[in-house]
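To start, the structure under review is shown below, and the notes come after it.
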Amino acid sequence: MEASGQRLSGVEGSQHGHHLRDRAFSLTVALSTVFALGFIAEIVAASRFIHLTGLQGLVIIYPLGGLGLILVAFAQVTWIDRIDRQKAFVRVALGYGVVFIIALVLIANPSERLSIIGTGLACILAEQMNFLLPLIVWAMLGDLFNAAESRSVFPWVITWRYAGQFVGLVIASFAPLLLTQLDIPLYTLLIACPIGLIALAIFLPRSLKGRALNQSHGEQENIQESVKSAWDFVGGVKAFRAIFITSSLVFVAGSALEGTFLSQSADWAKGSEAKVEILYGSTLLFVFIICWILQRSAVTKTMEKLDIPGSLALLPIATLIGGVIIVAGVQVDLLGVMLIGIVAWRVPWWSIDDVARRAAMALVPDQRRARVSFIVDLVPYGIGLITAGGILGIARAFDAPIIAPALAAVFALAAIPASRVAIRSWADALLSPHLKRRKRLAER
């Protein structure tokens, strides 16, 4: 009788899981497509930009990209929680699609200066595509699921997001082999971005008809009031404040490591844009494969064992390890060693850290979730890019590439105590009046 009851419970759990996945399907497709387009844009644009400008270009484009992320995020927090999420997604997707067309026109211009400007614009757009659009989609997913449900369905969403990443990475990594044979410029791959973004702007609202997402609360706020509202939440919950500090330090370190790897890859490629793109894309493809394996075998178990703050604490440690490895790689001048360091930083960022962040955001009330997500997720990355640009500039000024990963390791080390604060204060955070969904979490 007991065995029969267990089987019945298992069947009900399976049916519940299928129901959750059905509810998340259209948003999961949108998320996968966004990441496919975003990774094509990131790899193609970054490879072309580092090929055209070298490390000097990263010193300029990193701060511009970070500043752009922060400015756009602050602009969007004034309306992201006041209008339907679908409308927000449509406006952003169409806007990026139009700007991508402008970037392509500039890239194709025979003037090298205009081509560099267009490529830099594509780099900035790629960063925003990989952060802003996914945050809006994740906010919509947060509307559909409470914190307990998110622990069940979000790992599945992440797994299918990997499918989109896989498509984008494979295309960006191996298309140069064909395009160079056909004598077609590598930047033509970027044409997929405006086409895909416009298609998503049409597809997603239709697929979400009848779904219960957030409703506009209609409050008219200026940018100062909106930012203050979001920051009051982050500042009022000690654990979230610690997560913000940890993220800022980690993304400074990770961006500096990424810039070091890209500049060293350009030196290794000896003037071949195709080689840079193939190497960078293949590296991220390898990272993806590891993340997919972990997602299938270890992420959910790790989340259950360490909970949200413990899972988030893994990235600073991994980034520190990656920084030490890249320092060694620069010292012995072996790109393969540096590649291992990038893998050490990227794998936890794309896997356990991402799932834990999404689960944490599910605890935030509907009317604040998107803007808080912008503050906690996006602003630290913008800070990371701006600061990493300065770090890379110092390395270039002293003609000492080893300075960048060494300073990155210092920032990663500083993030570890902050992550411990988040762990220690998490239990108190769940009792905070700011987290209106805390009761749902307790019901799981």
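The values are calculated or read from the model by the stated rules, or taken from the named source; none is laboratory data. Please read these numbers as outputs of a predicted model, since none were measured by experiment. A quick note on method: Cβ atoms are made from the backbone with ideal geometry, for glycine too, and the neighbour counts reach across all protein chains shown.
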Worksheet entry | In the stretch 85-100, residue surrounded by the fewest Cβ atoms within 10 Å (Cβ to Cβ) [restricted to those that are among the β-branched types (V, I, T) and over 19 Å from T188 (Cβ atoms)] | V90
Item to complete: Answer yes or no: is there a residue in the stretch 72-81 that is crowded, with 23+ Cβ neighbours inside 10 Å, assigned to a helix (DSSP H, G or I) and out of contact with any Pro (no Cβ under 8 Å at 6 or more places or on another chain).
Response: yes
Worksheet item: Does any residue of the stretch 88-100 turn out to be charged (D, E, K, R) and in contact (Cβ under 8 Å) with a residue 24 or more places away in the chain?
Response: no
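Test I102 against the stated conditions and say whether it is modelled with pLDDT of 95 or more and outside any helix (DSSP H, G or I).
On the way: modelled with pLDDT of 95 or more: yes; outside any helix (DSSP H, G or I): no.
So I102 does not fit the description; no.
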Worksheet item: Which residues, counting only those in the stretch 270-306, are modelled with pLDDT under 95 and under 25 Å from I394 (Cα atoms)?
Response: K270, G271
Worksheet entry | Within the stretch 295-339, considering residues that are among the β-branched types (V, I, T) and under 20 Å from the mean Cα position of the chain (by Cα), the one nearest to F411 (Cα to Cα) | T319
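The rows are residues; the columns are (1) touching a residue at least 24 places away in the same chain (Cβ under 8 Å); (2) assigned to a helix (DSSP H, G or I); (3) of a type outside the set (S, T, Y).
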{"site": "G336", "(1), (2), (3)": "no, yes, yes"}
{"site": "R358", "(1), (2), (3)": "yes, yes, yes"}
{"site": "R369", "(1), (2), (3)": "yes, yes, yes"}
{"site": "D399", "(1), (2), (3)": "no, no, yes"}
Worksheet, complete the sentence: Going through (1) of a type in the set (A, V, I, L, M); (2) more than 19 Å from D354 (Cβ to Cβ); (3) touching a residue at least 60 places away in the same chain (Cβ under 8 Å); (4) out of contact with any helix residue (DSSP H, G or I) (no Cβ under 6 Å at 6 or more places or on another chain) one by one, I317 fails only at (2)
Fill in: Tabulated pairs, the stretch 373-390, first touching a residue at least 60 places away in the same chain (Cβ under 8 Å) and within 19 Å of F233 (Cβ to Cβ), second surrounded by fewer than 24 Cβ atoms within 10 Å (Cβ to Cβ) and of a type in the set (S, T, N, Q), C-beta under 8 angstrom, 6+ apart or interchain
F374/Q76; V379/S248; P380/S248; I383/S248
Worksheet item: Does I391 meet the test of being in contact with a helix residue (DSSP H, G or I) (Cβ under 6 Å, 6 or more places away or on another chain), β-branched (V, I, T), crowded, with 23+ Cβ neighbours inside 10 Å and assigned to a helix (DSSP H, G or I)?
Response: yes
